[in-house]
Amino acid sequence: MLKKWIVASLAVALMIASITAQADTASPADPQAAQPAPAAPSTPAACSSTQEFFATDCPLTWHGITLYGAYDVGFGWVSHGMPTNGHNYEGESLVNRNGNRSRYLIEPNNLQQTGVGIRAKEKIVEGWTVVFNASTGFNPQSFEMANLAATNTVNNGRARQNYSFAGDGARAGQAFNDEIYGGISSTDFGTLTFGRQRALGTDVMLQYDPAGGAYAFSFIGYNGLMAGGGDTQDTRWDNAVKYRLTYGPFHVGAMYKFTDGQGGCYSASSTWTAATCTQEGTHNQAYGLDVGGTYNKFSADFVYQHVDQAISVVNPLLGPESLTQPYQSTLNSINTNPITGANVISPANTEYGIVTNNSAIMGTAKYTWDAFKFFVGYEHIRQMNPNNPLGVGATAQGGYRLSGVEDNNLDSPKIVQVWWTGVKYALGSKTDITVSYYHELQNDFRIPTTCSVAAGFRSSCGGTLNEVSLYVDHHFTKRFDAYAGVAYSDVSGGLAIAIPHGPGVPYYHDNNLAPTIGARFIF
């Protein structure tokens, strides 16, 4: 079904190009064609021919509606990876808890998420327009919808050494897994929109990451921890209102997410049953603020985000092929306490999640000097056990339900800090060289604090993650480019623990080397 939809979208693109070509090739006798050229438009002129479409970056616009998208695919090798998973949209460049051996892989979406979208901007009165945007991403090889939730559920019950790629993210198989929103925009009063939208942290990350959020070369683009203010599922907010205003060199943004989803059935008892758990209300309220500005060739942004009942999905559920842990297997569980009696919901196609309240503050800056662009950023994230717990049956991104949930996973506040820096160098007008460095630091939030090599590490112990990357991107045309690069990442301490229970099950390997080559087409 999705393949047919993609083909239909491309057909629409060609139809639009054909229509605009016919509309804009009037004869010299046509009064419309004989008029003087208008002043420079505020938006680029639409494509007037198929030739122009391929030779320039003109938009596919018709009556204010623009079709856009990208296709990005490559080939790479990883020193410690897993078999590919058709639902995965991120590749395997970052060190992974379950990566077990070297592999050659077809790598998706290395510089940009493959996908399609439609946006519209229609004037209603002078200075006021109606705006709309809907976009979605998919795996460029399998054409499956981008769905990291499904990478977990298809591995449920397997032995860990037999996992295909498994991860966590905001794109979870939704029809519009990137954004879908509408609103109103004013030249004087800013833009107000409502719907599923990228969080303010995601917007700023894409602007101030030297690698532009490239999955193959950017930790903060690949992981989503920083952009989501603590958890990657919160890089996009459903049922959210966003306001943006630019005044001279300054700009501000504010965002609020209304509660949604199901809260599940919760009990504090260690011998809870379906009859004794209490149904919780809707969840996941969030809000954020962005303040920034530009002066000459320097720009900076500061973002604050807070998310209640944020969800982080851990490893796939255990089962017949894997170790016996009833709270993460075929039985519903709350805070690692398995249910007594019949399950509240069937564990089939479900996830196991850790719930926290997250607050994050981020500062970013970039500066352009001749052919160089310099980037720097820092974020401080504080995670605490939620004031209002979630229970079995609570919904995560994409409507996936939790058959296991932990609301008291943290012994004390968890502090995560992320630094990054990098430089992009323009080698002529068509080639960019980018070098980036990312560092994550986690505090020791275990009580008692018995973390050492001798005592053994747990996921609540302090730890670090590092990634460094280098890549070259050459544009043959404004729409088509090719790239080649390499990323190296490693983890230590508590961040190198794969399963957050008991004495700590470590990563199979604590590092990953990932060279990648590929090509991208943008329309």
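Annotation: Phe258 fulfils all but one of (1) open to solvent by less than 30 Å² (accessible area, probe 1.4 Å); (2) within 30 Å of Ser333 (Cα to Cα); (3) aromatic (Phe, Trp, Tyr); the unmet one is (1). In segment 123-131, the count of residues that are open to solvent by less than 20 Å² (accessible area, probe 1.4 Å), of a type in the set (S, T, N, Q) and part of a strand (DSSP E or B) is zero.
When Ala175 is tested against (1) open to solvent by 30 Å² or more (accessible area, probe 1.4 Å); (2) within 30 Å of Phe374 (Cα to Cα); (3) under 16 Å from the mean Cα position of the chain (by Cα), only condition (2) is not met. Before we move on, is Gly281 part of a loop (DSSP other than H, G, I, E, B) and surrounded by fewer than 18 Cβ atoms within 10 Å (Cβ to Cβ)? In short, yes. Contact map, segment 409-420: residues that are among the hydroxyl-bearing types (Ser, Thr, Tyr) paired with residues that are part of a strand (DSSP E or B), Cβ distance under 9 Å, separation 6+ or inter-chain. Pairs shown: Ser412/Met384.
Provide a single number: the residues in segment 83-96 that are crowded, with 24+ Cβ neighbours inside 10 Å and more than 15 Å from Phe219 (Cβ to Cβ).
Total satisfying the criteria: 3.
Scanning segment 136-152 for residues that are in contact (Cβ under 8 Å) with a residue 60 or more places away in the chain, open to solvent by less than 30 Å² (accessible area, probe 1.4 Å) and touching a strand residue (DSSP E or B) at 6+ places or on another chain (Cβ under 7 Å) returns Phe138, Pro140, Asn147, Leu148, Ala149, Asn152. Within segment 334-351, restricting attention to residues that are out of contact with any helix residue (DSSP H, G or I) (no Cβ under 8 Å at 6 or more places or on another chain) and open to solvent by less than 50 Å² (accessible area, probe 1.4 Å), which residue is nearest to Gly157 (Cα to Cα)? So, considering only residues that are out of contact with any helix residue (DSSP H, G or I) (no Cβ under 8 Å at 6 or more places or on another chain) and open to solvent by less than 50 Å² (accessible area, probe 1.4 Å), the one nearest to Gly157 (Cα to Cα) is Pro347.
Being open to solvent by 20 Å² or more (accessible area, probe 1.4 Å), over 28 Å from Leu495 (Cβ atoms), modelled with pLDDT of 95 or more and not aromatic (Phe, Trp, Tyr), is that true of even one residue in segment 352-369? Scanning segment 352-369 turns up at least one residue that is open to solvent by 20 Å² or more (accessible area, probe 1.4 Å), over 28 Å from Leu495 (Cβ atoms), modelled with pLDDT of 95 or more and not aromatic (Phe, Trp, Tyr).
Yes or no: Gly117 part of a strand (DSSP E or B) and touching a residue at least 60 places away in the same chain (Cβ under 8 Å)? Please lay out each step first, then the result.
Working: part of a strand (DSSP E or B): yes; touching a residue at least 60 places away in the same chain (Cβ under 8 Å): yes.
In short, yes.
Annotation: of all residues in segment 109-139 being more than 18 Å from Gln174 (Cβ to Cβ) and of a type outside the set (A, V, I, L, M, F, W, C), the one that is farthest from the chain's Cα centre (by Cα) is Glu126. Among the numbered conditions (1) part of a loop (DSSP other than H, G, I, E, B); (2) at pLDDT 95 or above; (3) open to solvent by less than 60 Å² (accessible area, probe 1.4 Å); (4) out of contact with any His (no Cβ under 8 Å at 6 or more places or on another chain), the only one that Gly319 does not meet is (2). Within segment 391-399, the presence of a residue that is farther than 26 Å from Asp238 by Cβ and touching a residue at least 12 places away in the same chain (Cβ under 8 Å) is excluded.
Annotation for segment 302-313: no member residue is acidic (Asp, Glu), under 27 Å from Asn387 (Cα atoms), at pLDDT below 95 and surrounded by fewer than 23 Cβ atoms within 10 Å (Cβ to Cβ).
The values are calculated or read from the model by the stated rules, or taken from the named source; none is laboratory data. Predicted model, so just to flag it, every value in this text is computed and none were measured. Every residue, glycine among them, receives a Cβ derived from its backbone with ideal geometry; neighbour counts consider all protein chains shown. Heavy atoms of the whole protein, side chains included, go into the accessibility calculation; ligands, DNA and RNA do not. Shrake-Rupley method; radii C 1.70, N 1.55, O 1.52, S 1.80 Å.
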